[in-house]
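The values are calculated or read from the model by the stated rules, or taken from the named source; none is laboratory data. Please read all numbers here as calculations on a predicted model, not as lab measurements. Glycine also receives a Cβ, built like all others from the backbone with ideal geometry; neighbour counts cover every protein chain displayed. These accessible areas exclude ligands, DNA and RNA; they are computed on the full protein's heavy atoms, side chains included. Shrake-Rupley method; radii C 1.70, N 1.55, O 1.52, S 1.80 Å.
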Amino acid sequence: MTRILFVGQEPETVDFSDPALPPGFNAEKIHAGIAVALRQMTERGWHADLCLIPPDGTAPSTLERQLVTNVYDAL
């Protein structure tokens, strides 16, 4: 089974006041999109782990912890 690491920013840390984002966009919508993507990966026969990282100085260590815990076929 192909093992995937799905990496993204923690939705709760997104600046939703950014005018580049669509009106009404929020963390719940991001989580819903992530759920769809994870379901699609499972339907393809892949095992996907989710790694949501904060946009701060802890991001590299958060990702590193995930990468040393498992072996992935794709990121």
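Restricting attention to region 1-19, report how many residues are out of contact with any strand residue (DSSP E or B) (no Cβ under 9 Å at 6 or more places or on another chain) and farther than 21 Å from residue 59 by Cβ.
2
Mind listing just one residue for me: the one in region 26-56 that is under 18 Å from residue 4 (Cα atoms), not in a helix (DSSP H, G or I) and not aliphatic (A, V, I, L, M) and, of those, most open to solvent (accessible area, probe 1.4 Å)?
If we take residues in region 26-56 being under 18 Å from residue 4 (Cα atoms), not in a helix (DSSP H, G or I) and not aliphatic (A, V, I, L, M), then 44 is most open to solvent (accessible area, probe 1.4 Å).
For region 4-24, name all the residues that are closer than 19 Å to residue 53 by Cα and either free of Cβ contacts under 8 Å to residues at least 24 places away in the same chain or open to solvent by 50 Å² or more (accessible area, probe 1.4 Å) (or both).
Passing the criteria: 6, 7, 9, 10, 12, 13, 14, 15, 16.
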